[in-house]
Amino acid sequence: MRAVLAAEPGVANGGLGEIDEADLPDGDVTVKVAWSSLNYKDGLAVTGRGKVVRSFPMVCGVDLAGVVVRSEAPGVERGDEVIVTGFGLGEERHGGYGELARVRSEWVVPMPAGLDMRAAMAIGTAGLTAMLCVLALEDHGLTPERAGGRPVVVTGAAGGVGSVAVALLAKLGHAVTAATGRPEEEAYLRRLGAGELIERRQLSDAPVRPLDKERWAGAVDAVGGTTLATVLRQTAYGGCVAACGLAGGAELSTTVHPFILRGVDLAGVESVRCPIRRRVDAWGRLASDLDRDLLDEMTVEAPLEDVPGLAEEILAGRTRGRVVVAVAG
Ligand code: NDP
């Protein structure tokens, strides 16, 4: 069957290839994949940059939506439409960029009412992560009323996680500031619900001080590095920063001042091993809270054969919003 394979260091370039169904990993559920999506980690895997994949050949694609064609698991029936994300898909075991996938039933999220398979992958891992960030802020008690008039800042705003986070937070009634390196995307980000845009360098290249002026009630950070350090220094007393990404760097240099003088919380958000109950809740919220017209606005569709080229584009920060991948063709 057709599949997009990870680049094997020093041996081959990633790209469209073939894989035998017999080589699919163990699992009690087999899914005919209809849609997958392009995420930053897929960019790393397909190009071979970053040590995302350690055994080869590997079918990339950290997420998938499809129809169950075989199941040995009670509660998962042939014909069910399902979502599977994370749990090593596309990293440790063959993922969503192949026409069939074999998974474990405990990873399967039934398609929530209100979503179809294409919409689910237009949201995909990035959108799920954005929702998990919003849930982390809510767990912390952040509401528009408690924000004290301050906005929530979203970094990497024109990317996949960022775009969904802007739309979700605005829909929930928050004032949203979008931090982006792409000022030409102002109209797009305002349509998603951003009330204000700031240039990404304001955060990534800010002078380092113990604390800055309190600007944000909270934050969703997809960038990491100096951006995350600045956001921590600028978050208001009692606020929360939901950190999920490293598009701008993995190192974090911070003093303890935001934590011990402002009571700021740093909530790490992780979508790969996130418990299934939390995922099902998050998908339910995505189905109800994310405006479908805005989801369409932030989504482009690509065939499987375009994925290798798009993998370079996402690493260069040139894809906007979400790319949904038509696997079934
Ligand atoms: P995208 O490439 O779609 O978005 C990343 C955005 O970050 C870009 O669009 C750009 O936004 C900004 N950016 C890119 N490079 C830089 C840079 N050098 N410095 C500052 N900003 C930069 O990726 P995703 O949205 O799919 O993923 C975003 C991050 O979240 C990645 O690091 C990814 O690995 C992580 N992630 C983590 C998950 C988890 O479970 N923790 C799950 C999914 C993703 P703009 O142009 O607006 O400035």
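Quick notes on this structure:
- Relative contact order computed over the chain (Cα-Cα under 8 Å; 6+ residues apart), in percent: 20 percent
- Listed by chain and number, the lysines placed with their C-alpha closer than 17 angstrom to that of Lys51 are Lys41; residues fewer than eight positions away on the same chain are left out.
- Shape index of segment 27-68: Rg/Rh, with Rg the Cα radius of gyration and Rh the Kirkwood radius from the inverse mean 1/r over Cα pairs, equals 1.02.
- As a length-normalised measure over Cα pairs under 8 Å and 6 or more apart, the relative contact order of segment 124-268 settles at 23 percent.
- Proximity of backbone amide H atoms, modeled 1.01 Å from N, is registered between Asp265 and Gly239, Cys240, Val241 at under 5 Å, excluding neighbours fewer than 5 places apart on the same chain.
- Long-range amide H partners of Met58 with built H, under 5 Å: Ala6
- Rg(Cα) / (2.2 N^0.38 Å) computed for segment 215-322, rounded to two decimals: 1.30
- DSSP H segments from the chain that extend 27 Å or more along their own axis, Cα-based, with Kyte-Doolittle mean of 0.5 or above: 117-139
- Spin-label model, Arg278 to Val67: label points 7 Å out along the Cα-to-beta-carbon direction sit 3.3 nm apart.
- Under the Karplus curve 6.51 cos²θ - 1.76 cosθ + 1.60, θ = phi - 60°, whole-Hz ³J(HN,Hα) for segment 178-184, x wherever Gly or Pro sits: 9, 9, 9, x, 10, x, 5
- Computed extension gain for Leu261 through Asp291, at 0.36 nm per residue and net of the alpha carbon distance, reaches 7.0 nm.
- As a rough guide to protection, the peptides 250-257, 203-210, 41-48, 312-319 ranked by mean Cβ packing within 10 Å, highest first, stand as 41-48, 312-319, 203-210, 250-257.
- The chain, dipole about Cα centre (Lys/Arg Cβ +1, Asp/Glu Cβ -1), debye to the nearest 20: 980 debye
- For the chain, the Stokes-Einstein estimate of translational diffusion at 37 °C and a viscosity of 0.692 mPa s comes to 165 µm²/s, using the Kirkwood hydrodynamic radius over alpha-carbon pairs.
- Simple rule: put +1 on each Lys or Arg Cβ and -1 on each Asp or Glu Cβ in the chain, find the dipole, and look at Val33, Val103, Ala206; the Cα lying farthest toward the positive end is Ala206.
- 5 angstrom amide H check on Thr299, placed H, neighbours 5+ away: Arg322
- Between the listed residues Val272, Gly218, Gln234, the Cα displaced farthest toward the positive end of the dipole of the chain, a dipole computed from Cβ unit charges relative to the Cα centre, is found at Gln234.
- Descending semi-axes in Å of segment 124-268, equivalent ellipsoid built from Cα gyration tensor: 20, 17, 14
- Report summary: the helix-based calculation at 222 nm, which adds -39500 (n - 2.57) for every DSSP H run with n ≥ 4 and divides by the residues of the chain, gives -8500 deg cm²/dmol.
- Taking a point 7 Å out from the Cα of Glu8 in the direction of its Cβ, the residues of segment 76-120 whose backbone N falls within less than 20 Å of it are 89-99.
- In segment 280-322, one over the average inverse separation of all distinct C-alpha pairs is 12.2 Å, which is the Kirkwood hydrodynamic radius.
Bear in mind that the values in this text are calculations on the coordinates, not laboratory data. Treat the numbers as computed from the prediction; the structure is a model and nothing was measured. Note that each Cβ is placed from the backbone with ideal geometry, even for glycine, and that neighbours are counted across all protein chains shown.
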